[in-house]
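**Q** Attaching a single structure in structure tokens format; questions to follow.
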Amino acid sequence: MKRKIYFIFFLTAAVLSVSCKLTSKPDDETGEEDTTNEENSSLFEPQDDGSYVFETNDAKYTNENGYTLWTITQKISGTESFSDFTTALVKSHGNTGCGFGVIFNDNTDSSGNRSMISVMIRTTGDYAIGKIENGLYTDIQYWTQNKYIKTGLGAKNSITITKNTASDEYAVTFNGDSDSTVKFSDTGSYIYTNGSRGYVVVLAPDENFPVNRVVVSFTNE
């Protein structure tokens, strides 16, 4: 079963092996895709070493469903050959049940149709894969446990995205272990060879801002 949920895009500042069985969200469960979604580059601060750090305790990012905040950090043409990439992620503060991760193949065509793919993990040891087209999110893989994802705040994980150019199939590998790999194919109305890349962080409705904060670091390896 697939879900389709509207994403709202706001442009701010100057600028989102072994195959595992795909699972879907239970009908009675609320997920990150029900949050308020905002493209916000100002919250993802570039560091001197080339990494990015997301940090906020701003109470304006509090509502009954939470927020999903994302940014594009690397502009890539959708016609370029796909290049594999690895991103290291560390969530040191915040709700352990909320996702964070990477977005890639972000493109907007001449008619304004925008699409991208997201891969997120949580500090509870699970991951999710999704496709967003014109603000509409569809599960490719709903949240599923993967024993190779390290758990707990402060744990360093890595996400590697590769592509088989012959089959156009993608593979997601966690922490460099081939036994963790999940394969999937891009689907939908807008499919590209490549595209821009960035990061995404989900905030829970109960982060207790401004007393607490959410901090996530991202490093391309």
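**Q** Of the residues ILE149, ILE161, ILE191, which single one is over 19 Å from PHE104 (Cα atoms) and among the β-branched types (Val, Ile, Thr)?
**A** ILE149
**Q** Suppose we keep only residues that are under 15 Å from the mean Cα position of the chain (by Cα) and assigned to a loop (DSSP other than H, G, I, E, B) within region 72-99. Which one would you say is farthest from THR165 (Cα to Cα)?
**A** GLY97
**Q** Can I ask one more? Can you find, within region 124-145, the residue that is farthest from SER180 (Cα to Cα) among those that are outside any strand (DSSP E or B) and open to solvent by less than 10 Å² (accessible area, probe 1.4 Å)?
**A** Checked region 124-145; the qualifying residue farthest from SER180 (Cα to Cα) is GLY135.
**Q** Follow-up. If you take the residues of region 194-211 that are under 16 Å from LYS91 (Cα atoms) and aliphatic (A, V, I, L, M), which of them is surrounded by the fewest Cβ atoms within 10 Å (Cβ to Cβ)?
**A** Of everything passing the filter in region 194-211, ALA204 is surrounded by the fewest Cβ atoms within 10 Å (Cβ to Cβ).
**Q** Now for a separate question. So how many residues does region 37-71 have that are in a strand (DSSP E or B), farther than 12 Å from VAL215 by Cα and of a type outside the set (A, V, I, L, M, F, W, C)?
**A** 7
**Q** Which residue is farthest from GLY176 (Cα to Cα), if the candidates are limited to region 96-123 and must be open to solvent by less than 30 Å² (accessible area, probe 1.4 Å) and touching an Asp or Glu at 6+ places or on another chain (Cβ under 8 Å)?
**A** Residue satisfying both the conditions and the ranking: SER115.
**Q** Okay, next question. If you go through region 108-129 one residue at a time, how many are closer than 22 Å to GLU80 by Cα and touching a strand residue (DSSP E or B) at 6+ places or on another chain (Cβ under 6 Å)?
**A** Matching residues across region 108-129 total 7.
**Q** Moving on. So which residues in region 149-172 are touching an Asp or Glu at 6+ places or on another chain (Cβ under 9 Å), surrounded by 17 or more Cβ atoms within 10 Å (Cβ to Cβ) and not aliphatic (A, V, I, L, M), if there are any at all?
**A** Within region 149-172, SER158, THR160, THR162, LYS163, TYR170 meet the criteria.
**Q** What about THR187, is it within 19 Å of ILE117 (Cβ to Cβ), open to solvent by 40 Å² or more (accessible area, probe 1.4 Å) and in a loop (DSSP other than H, G, I, E, B)?
**A** yes
The values are calculated or read from the model by the stated rules, or taken from the named source; none is laboratory data. Fair warning: this is a prediction, and the values are worked out from it, not measured in the lab. Positions of Cβ are generated from backbone atoms using ideal geometry, with glycine treated the same way; all protein chains shown enter the neighbour counts. Calculation scope for accessible area: heavy atoms of the full protein, side chains included, ligands and nucleic acids excluded. Shrake-Rupley method; radii C 1.70, N 1.55, O 1.52, S 1.80 Å.
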